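Have a look at the structure below before the remarks.
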Amino acid sequence: MSGQQIDHLVKMANQIALNFGEQRDLSRAAQCTAEHLEKFWTRAMREQLSAYADAGGEDLSPAVRLVFAGQSDTQGSQRP
Amino acid sequence: MVQYYEPQRDYGTPAASGGEAVALQIDGIDIEVPAGTSVMRAAALAGVKVPKLCASDSLEAFGSCRVCLVEIAGRRGYPASCTTPVEPGMQVQTQTPALAKLRRGVMELYISDHPLDCLTCPTNGDCELQDTAGEVGLRAVRYGFAGANHLEAEKDQSNPYFTFDPAKCIVCSRCVRACEEVQGTFALTIEGRGFDSRVSVGATDFLGSDCVSCGACVNACPTATLTENSIIEQGIPEHTAITTCAYCGVGCGFRAELRGNTVVRMTPWKDGRANEGHACVKGRFAFGYATHPDRITTPMVRDSIEQPWREVSWDEALQFAARRFREIQERHGRNSIGAISSSRCTNEEVYLVQKLVRAGFGNNNIDTCARVCHSPTGFGLKTTLGESAGTQAFTSVDSADVIMVIGANPTEAHPVFGSRLKRRLREGARLIVIDPREIELVDAPHIRADYHLPVNPGANVAVLNAMAHVIATEALHDAGFIAQRCDRESFASWLEFVSAEHNAPEALAAATGVDPESLRAAARLYASGGNAAIYYGLGVTEHSQGSTAVMAIANLAMLTGNIGREGVGVNPMRGQNNVQGSCDMGSFPHELPGYRHLSDAATRGQFEAAWQVQLDPEPGMRIPNMFDAALDGQFRGLYCQGEDVAQSDPNTQHIEAALSALECLVVQDIFLNETAKFAHVFLPGASFLEKDGTFTNAERRISRVRKVMPPLSGKADWEVTQAFAAALGCDMDYAHPSQIMDEIASLTPTFSGVSYALLDEKGSLQWPCNESAPEGTPTMHRDEFVRGKGYFAITDFVATDERANRRFPLLLTTGRILSQYNVGAQTRRTDNSAWHSEDTLEIHPHDAQERGVSEGDWVGIQSRVGNTVLRATLTTRVKPGVVYTTFHHPVSGANVVTTDNSDWATNCPEYKVTAVQVSRVSAPSAWQARQQQFDRKQRDLLERARTDA
């Protein structure tokens, strides 16, 4: 996987979280982001992003980190 | 069954709507018609033909020709039947000696100034004047041609599609009235008085005038004054077939009129529900591409794009492609191949492509060009209303009191609906336009927008939120509707969000660029002006917040109760002819036909049982995912049907690199398009005239496409896909597209009542069409939303990353022009290029002056990802800080400049916002020079294939 592709995935995931209201409700944004990734992203893309998160995920937004850290306290917070 | 040619029936005056029945007698025949019906129409309905010249049922009665006179018992004189409404008990005589004498006298006067060249006249046998002369028994003209006459009047042959021969004009004004009443352009007038009266296009000729070449005047002309050049050159058609236009999402019904297998004319079908007898310059005239010499009709293969093409048999080409695809999958895994289908293709074709991918490729890597136009509509409307489709029929606009057009330009991109909309505006409906440009509707003949909000590109969501803020905080919302029809919890959260001060028009003014007072006034009008309908287009969807904007539009409609009845609603203006249909047919990688997600085991099970294969429950790749993965080496084989991604998708250089990285690109198209220049296998496609099928337009209307000539390549597209599937070991066994539709109906609840037999009977059907709605559904969400309660999604305004700055100070937005269609593959191969031979850059005079740019100068347009060169057009239609162009010509490279930014939910590209700098230049861009070189090389490789064959 190229650096360009993971940059793109990170950008898209962050964008999704932001549009799900990350700045208003982090937990809910994480839940919605997780559901969105599950519904619309390929397994390979999710796994690439997950691997990036596992490696520190420094450019991931807080809600996306929460998705992959499994720290969301609401339903659907499990890893996509 | 062959339909022999005859003119479409004309009842003389339009139908009266809904009045009480009036009983009368015409020539002794009893008949009942609605009050308001003319005597002429009543007679036609009774089977009695009254001679006429100036009347047509597409126009309001005019009463000028004096041929349609009748006698009415108890009345003096001879009233014109076209302008006389029926009355109870009326006794009408249409044939009496006195009437015959009067009519002959009138006809004699007409013919006294009309050339008697019927045998050599292009409309001989299809001329109302000729017919009427026969009907009234005209046998001689006493006046001769010695006196003053118009027989030497000069023809106007400037329009490439029709000729104006004033020598044959009887000044009935039908053309002038058609231009006004039907098209709404007001390009024609009657100039002069008495003997000097003549039809005029102003000071210029037809081509140089305001005429938009819709053909309404040609349709209306009862003589050979306005005649299609194809008829002049080839003669009157001898048989006809009803079919559906393959251009925009209006989906006009047409009568293909033929001599043998040659289409000599396309006339708008009067019974076509989407267009009701009207057309535009594309559908009416621009069909010549179907037989253009550039058509490729023999399959071709090559091992690399550096090699010449080799013409081969169908079998060899399909085996070549199948072998390559299987080899790729063996080496790189099941998910290393995929397909892109096109909204230009029929429902049956795109259904087969997604079936091939899911059942044959064994993955879900299927996407469609709706990805790059209306995918946010699918997401946004599904989320809020529960169904990924517009809510109304086109006729609904006839009942609208307030029309809001946002990010759409109907008079250019959906012209037949644009004419209907303009007619409603002339009747008095109010208009709000939200667009960075001053589109035609803002200020057109007899139309002026009440409010034009010139939003900054990228700020639609801010404007829509601000409108909702005004409505909510000023208590203009429909509380009853919301309480009854909408989800209480989501509304409460949304209300709190939208009422917050940061959503006020004043707070958002810097972002929107819109005067807060105008915005407040527009919001008040939308909320309280009666039936309010929203029409939107790609200017809404093609943004990084496209899905949010669609949801904000749905919120506005629910907030004000403007949904679920005639005259209101949320109406996405679909770009291509079958955008709605291709989405309906499961062409997105995450869902099966009927918008059902792959993860739904029950639905998946139905398809597995029908197709006898196990389906992958995981979503596949979207188009941009495919290109990213191609560059990463994970995606190596692509079957691209009818879509020109190399020209239409954003960041051209990125697309070209991805296509170049593929091991096997299979392109199915009618021309060697830009994408095909990167292909290894070329499968010749069929135009819409060469195949059977259905298209579904923007109002969910399913209409038949009928084969009127054999496929030039020998195969219709559905047959090619079926043969490709067979080569891959995925057997399909359809003998006719009707069987494919039967399968769609059996597996898709919203289509369960659809069949070719019912379509033939009804003409067209709007889905859902099933047990609950056996004749279809013109208006959706009447009693409840498809999802149950309407959902108010919170619509944060998240500004795009694509910002103007000192280096890129202008915002580029893109759009379309009337005469060209999308990438121009079809229209560039017609005479439509007479109106638009190149794409230009619209720039405000202030911005031009700052850069020393004058009208017609070559200018470089530099964005963060690329640059291109176009000629400049100085205009105040764009505001300072905004520039605009179209993308109809490959060499323009508009998408070399657009970026990878995309809608957060769907990855629909952000075509509408690109930060650029513009400067005067004297040479094409480096990309353009490369593109021209590559184009020459690929044409040469194609020519060598043809020479070797």
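The values are calculated or read from the model by the stated rules, or taken from the named source; none is laboratory data. Quantities reported herein were computed from a predicted structural model and do not represent experimental measurements. Cβ sites come from the backbone with ideal geometry, for glycine too, and all protein chains shown count toward neighbours. These accessible areas exclude ligands, DNA and RNA; they are computed on the full protein's heavy atoms, side chains included. Shrake-Rupley method; radii C 1.70, N 1.55, O 1.52, S 1.80 Å.
If you check residue A:73 against the conditions, is it open to solvent by 40 Å² or more (accessible area, probe 1.4 Å), at pLDDT 95 or above and either within 12 Å of chain B (Cβ to nearest Cβ) or assigned to a loop (DSSP other than H, G, I, E, B) (or both)? Walk me through how you get there before you give the answer.
Working: open to solvent by 40 Å² or more (accessible area, probe 1.4 Å): yes; at pLDDT 95 or above: no; either within 12 Å of chain B (Cβ to nearest Cβ) or assigned to a loop (DSSP other than H, G, I, E, B) (or both): yes.
The answer is no for residue A:73.
Among the candidates B:82, B:121, B:127, single out the residue that is within 41 Å of the chain's Cα centre (by Cα) and assigned by TED's automatic domain parsing to the domain that holds residue B:9. Show your work before the answer.
Details: B:121 fails: assigned by TED's automatic domain parsing to the domain that holds residue B:9; B:127 fails: assigned by TED's automatic domain parsing to the domain that holds residue B:9.
Result of the check over B:82, B:121, B:127: B:82.
Listed here are the residues, each with its yes/no results for (1) within 22 Å of residue B:822 (Cβ to Cβ); (2) modelled with pLDDT of 95 or more.
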site	(1), (2)
B:354	yes, yes
B:360	no, yes
B:366	yes, yes
B:369	yes, no
B:381	no, yes
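From (1) open to solvent by 10 Å² or more (accessible area, probe 1.4 Å); (2) within 14 Å of chain A (Cβ to nearest Cβ), pick out the condition that doesn't hold for residue B:548.
(1)
On the basis of being surrounded by 22 or more Cβ atoms within 10 Å (Cβ to Cβ), under 27 Å from residue B:885 (Cβ atoms) and without any contact (Cβ under 8 Å) to a residue 60 or more places away in the chain, does residue B:405 make the cut?
No; evaluated as a whole, the condition is false for this residue.
Taking the stretch A:59-70, which residues are more than 14 Å from chain B (Cβ to nearest Cβ) and charged (D, E, K, R)? I'd like the intermediate steps shown before the answer.
Here is the first cut: in the stretch A:59-70, the residues more than 14 Å from chain B (Cβ to nearest Cβ) are A:60, A:62, A:65-70.
Selection gives A:65 alone.
Could you list all residues from the stretch B:458-481 that are open to solvent by 10 Å² or more (accessible area, probe 1.4 Å) and of a type in the set (Val, Ile, Thr)?
Answer for the stretch B:458-481, where residues must be open to solvent by 10 Å² or more (accessible area, probe 1.4 Å) and of a type in the set (Val, Ile, Thr): just B:473.
Are any residues in the stretch A:1-58 open to solvent by 40 Å² or more (accessible area, probe 1.4 Å), more than 7 Å from chain B (Cβ to nearest Cβ) and not in a helix (DSSP H, G or I), and if so, which ones?
Selection gives A:20, A:23, A:24, A:25, A:55, A:56, A:58.
Residue check: is residue B:833 of a type in the set (Gly, Ala, Ser) and assigned to a helix (DSSP H, G or I)? Break it down into steps so the answer makes sense when it comes.
Details: of a type in the set (Gly, Ala, Ser): yes; assigned to a helix (DSSP H, G or I): yes.
So residue B:833 fits the description; yes.
Would you check if there is a residue in the stretch B:771-782 being of a type in the set (A, V, I, L, M) and open to solvent by 30 Å² or more (accessible area, probe 1.4 Å)?
Looking through the stretch B:771-782, none of the residues is of a type in the set (A, V, I, L, M) and open to solvent by 30 Å² or more (accessible area, probe 1.4 Å).
All but one of (1) polar (S, T, N, Q); (2) within 24 Å of residue B:445 (Cα to Cα); (3) surrounded by 15 or more Cβ atoms within 10 Å (Cβ to Cβ) hold for residue B:163; state the number of the condition that does not hold.
The one condition residue B:163 does not meet is (2).
Answer yes if at least one residue in the stretch B:719-736 is closer than 21 Å to residue B:579 by Cβ, open to solvent by less than 10 Å² (accessible area, probe 1.4 Å), not in a helix (DSSP H, G or I) and not charged (D, E, K, R), and no otherwise.
For the stretch B:719-736, residues closer than 21 Å to residue B:579 by Cβ, open to solvent by less than 10 Å² (accessible area, probe 1.4 Å), not in a helix (DSSP H, G or I) and not charged (D, E, K, R): absent.
Mind counting the residues in the stretch B:616-667 that are within 14 Å of chain A (Cβ to nearest Cβ) and polar (S, T, N, Q)?
The qualifying residues number 4.
When you look at residue B:604, is it away from chain A (no Cβ under 14 Å), open to solvent by 10 Å² or more (accessible area, probe 1.4 Å) and of a type in the set (Lys, Arg), yes or no?
yes
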